[in-house]
Amino acid sequence: MTIYPQARLTQLPIQDIVFPSSFAADFASEFVKACELDGSGNEIYHSWKVCIMACRIGKKLNLDKSLMKELFFASLLHDIGGVMVNGHVIDMLTQIPDVYGQKSNFRIFAHPHRGETILATFPTFRNISEIVGTHHEFYDGTGFPKGLKGDKIPLCSRIIRVADAVDIAAQVHSADNPDEIISLLGIFSGEEFDPEIYEVFVSLVKNEGLFDAIKSAEEIEWNMAALKKEMTDHHLLSSPDTLNRFFKMIASIADNLTSSEYNHSLRVAELSVQMAYLMELNESEILTIRWASFLHDIGKLAGNRSVYRKREKLTDEEWLNVKAHPQRSYDILNKVSGMDKIAYYILYHHENQDGTGYPEGLKGEKIPLASRIMHVADAYDAITSNRPYHRKKQQEEALGELKKNVGRQFDPNVVEVFSKFLIS
C-alpha cells in the first residue's frame with residue numbers, strides 16, 4: 001500500500017486552525033468533567049471544585065499571572081493519572097481517606113506519578129506536570145510518592161493539597177457545613193497542609209464565602225466559566241504540532257481505558273488520512289479529519305468504561321451506553337471553543353449509508369464525508385483487531401466484509417478508495 005506523507009500536516013500555520021485563546025482551558029475542563037462521572041452518570045465535579053478553591057487561594061496569596069495559570073491547569077488535571085477502566089481514583093480516595101491506606105493501594109499511590117508522566121511529554125506542560133506529580137506530598141514529609149517536605153513541595157502543589165483534601169473530606173463525611181469541614185481538617189495543619197495556605201483557606205471560607213462557589217452544580221458551572229475567561233492561553237497548545245501530540249495523548253488515554261486493542265484511534269486516524277489524501281481533500285480538511293479520528297472515541301470515557309471490554313453479550317442497557325458514545329463525544333467537544341467542526345464529524349461517524357445507523361439515522365450524503373471516511377476506517381480496524389466479541393481477520397477477509405456492506409453500512413465511493421489504498 002502507498003503511504004502518503006503526514007509530517008507536513010503538522011506544519012499548517014496556527015492562524016489556519018483558528019483555535020481561540022480559551023481552547024486549552026475549555027478542553028481541559030470538559031475532558032476532566034467527562035472522566036469523573038459517577039456510577040449513575042452524574043457529574044461529580046471533583047476537579048472543578050478543587051480548581052475553583054485552589055485558584056481562590058492562589059489569588060489571595062497574590063500569585064502572579066503565570067503561576068496562576070499553572071495552578072489552574074494543574075488543579076484541573078491533578079487526577080488525570082487516576083482515570084481507570086473501572087471508575088476513578090476519587091472513588092478510592094473517599095473509601096480510603098487515611099494516608100497509610102492510600103500508600104498501600106498501588107493505584108492511589110501511583111496516580112500522581114502517572115499523571116506527571118502523561119503531562120511531561122509536552123515541554124509547555126513541564127511545570128504543570130511537576131505540580132501534578134507532587135499534589136499528594138504532605139507538608140511534614142509523610143505524603144507520597146516522593147516524601148517531599150515543606151518548601152521542597154511546589155507552592156501550587158501545596159495549594160492543591162488543601163483544596164483536594166477539602167472536597168474529599170466533604171464527600172467522606174457528607175459535610176456541607178463550612179465550620180464542620182474546618183473542624184475536621186484543622187488538626188492536619190502543619191502535617192498534611194502548609195499552615196499558611198490552610199489559614200488562607202479558612203479565611204476565605206469564613207470571610208468570603210468560598211463554599212458558596214461550590215455548593216451546587218449551577219454555582220460550580222458559573223464559577224468555572226468565569227475562571228476560564230481569566231485563563232486565556234496561546235502558549236500551552238501553541239502550535240499544530242503540539243496540538244497533534246496532545247490529541248494523540250487523549251486518544252491513547254481513551255483507547256487504553258476502553259479498548260482491548262491499544263492505539264485504535266491512532267490507526268483510524270492513519271487510515272482516514274490516507275483516504276482523504278486519495279480523495280484530494282485540502283490539507284486543512286485532512287488535518288481536521290485526522291484530529292477528529294484521534295478524538296472519535298473520547299465519549300467512551302464518560303459513563304461506564306468497563307462495558308467496552310466486556311466479553312459476554314451486552315445487555316440492552318449496556319448496548320444503549322455503547323451507542324451513546326458519539327453523542328457524548330460531541331457533547332464534550334462542542335463545548336470547547338474552536339472544536340465545533342471536529343465535534344460535528346465525530347457525532348456522525350456511526351451513521352450508516354442506508355439510514356440505519358446512530359445517533360440520528362442520517363442517510364447517504366446527509367452524512368458528512370469526513371464521518372463516512374472515519375466510519376470505514378473505524379470498521380476496518382475493528383475487523384482486523386482482536387475484540388472481546390471476535391478474533392481479528394486478515395486484510396483480504398476484512399476488505400470483503402466492507403464490500404459486502406457497501407450501500408447498507410458504508411459509502412461505496414469511500415470503500416472503493418480504501419480498496420485502492422490497500423492494494424496499491
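The values are calculated or read from the model by the stated rules, or taken from the named source; none is laboratory data. Nothing here was measured: the structure is a model prediction, and the numbers come from that model. A quick note on method: Cβ atoms are made from the backbone with ideal geometry, for glycine too, and the neighbour counts reach across all protein chains shown.
Test LEU399 against the stated conditions and say whether it is buried (at least 17 other Cβ atoms within 10 Å of the Cβ) and over 18 Å from LEU278 (Cβ atoms).
It is false that LEU399 is buried (at least 17 other Cβ atoms within 10 Å of the Cβ) and over 18 Å from LEU278 (Cβ atoms).
Can you tell which of ASP176, ASP194, ASP167 is in the same structural domain as ALA74 (by TED's automatic domain parsing), exposed (fewer than 14 other Cβ atoms within 10 Å of the Cβ) and in contact (Cβ under 8 Å) with a residue 12 or more places away in the chain?
It is ASP176.
Would you confirm whether any residue within the range 74-84 is closer than 24 Å to ILE253 by Cβ and surrounded by fewer than 18 Cβ atoms within 10 Å (Cβ to Cβ)?
yes
So is GLU230 loosely packed, with under 14 Cβ neighbours inside 10 Å and within 22 Å of the chain's Cα centre (by Cα) or not?
So GLU230 fits the description; yes.
Mind checking whether some residue in the range 358-380 is farther than 22 Å from ILE286 by Cα, out of contact with any strand residue (DSSP E or B) (no Cβ under 6 Å at 6 or more places or on another chain) and charged (D, E, K, R)?
Looking for residues that are farther than 22 Å from ILE286 by Cα, out of contact with any strand residue (DSSP E or B) (no Cβ under 6 Å at 6 or more places or on another chain) and charged (D, E, K, R), one finds at least one in the range 358-380, hence yes.
May I ask you to verify whether SER75 is part of a helix (DSSP H, G or I) and under 23 Å from ASN304 (Cα atoms)?
Considered against the rule, which asks whether it is part of a helix (DSSP H, G or I) and under 23 Å from ASN304 (Cα atoms), SER75 comes out as no.
Does the range 233-254 contain any residue that is among the aliphatic types (A, V, I, L, M), outside the structural domain of LEU71 (by TED's automatic domain parsing) and in contact with a strand residue (DSSP E or B) (Cβ under 9 Å, 6 or more places away or on another chain)?
Yes, that holds for at least one residue.
Among (1) surrounded by fewer than 16 Cβ atoms within 10 Å (Cβ to Cβ); (2) among the aliphatic types (A, V, I, L, M); (3) more than 19 Å from PHE201 (Cβ to Cβ); (4) over 18 Å from the mean Cα position of the chain (by Cα), which single condition is LEU61 missing?
Every condition holds for LEU61 apart from (3).
From THR94, THR124, which residue is closer than 28 Å to SER203 by Cα, assigned to a helix (DSSP H, G or I) and modelled with pLDDT under 95?
THR94
Taking the range 135-153 on its own, how many of its residues are closer than 13 Å to ILE80 by Cα and either in contact with a Leu (Cβ under 7 Å, 6 or more places away or on another chain) or surrounded by fewer than 23 Cβ atoms within 10 Å (Cβ to Cβ) (or both)?
Residues in the range 135-153 being closer than 13 Å to ILE80 by Cα and either in contact with a Leu (Cβ under 7 Å, 6 or more places away or on another chain) or surrounded by fewer than 23 Cβ atoms within 10 Å (Cβ to Cβ) (or both): 0 in total.
Among the residues of the range 39-59, are any assigned to a strand (DSSP E or B), over 22 Å from LYS248 (Cα atoms) and not polar (S, T, N, Q)?
Yes, that holds for at least one residue.
With the checklist (1) in a helix (DSSP H, G or I); (2) surrounded by fewer than 17 Cβ atoms within 10 Å (Cβ to Cβ); (3) within 17 Å of the chain's Cα centre (by Cα) in hand, flag the one item LEU320 doesn't pass.
(3)
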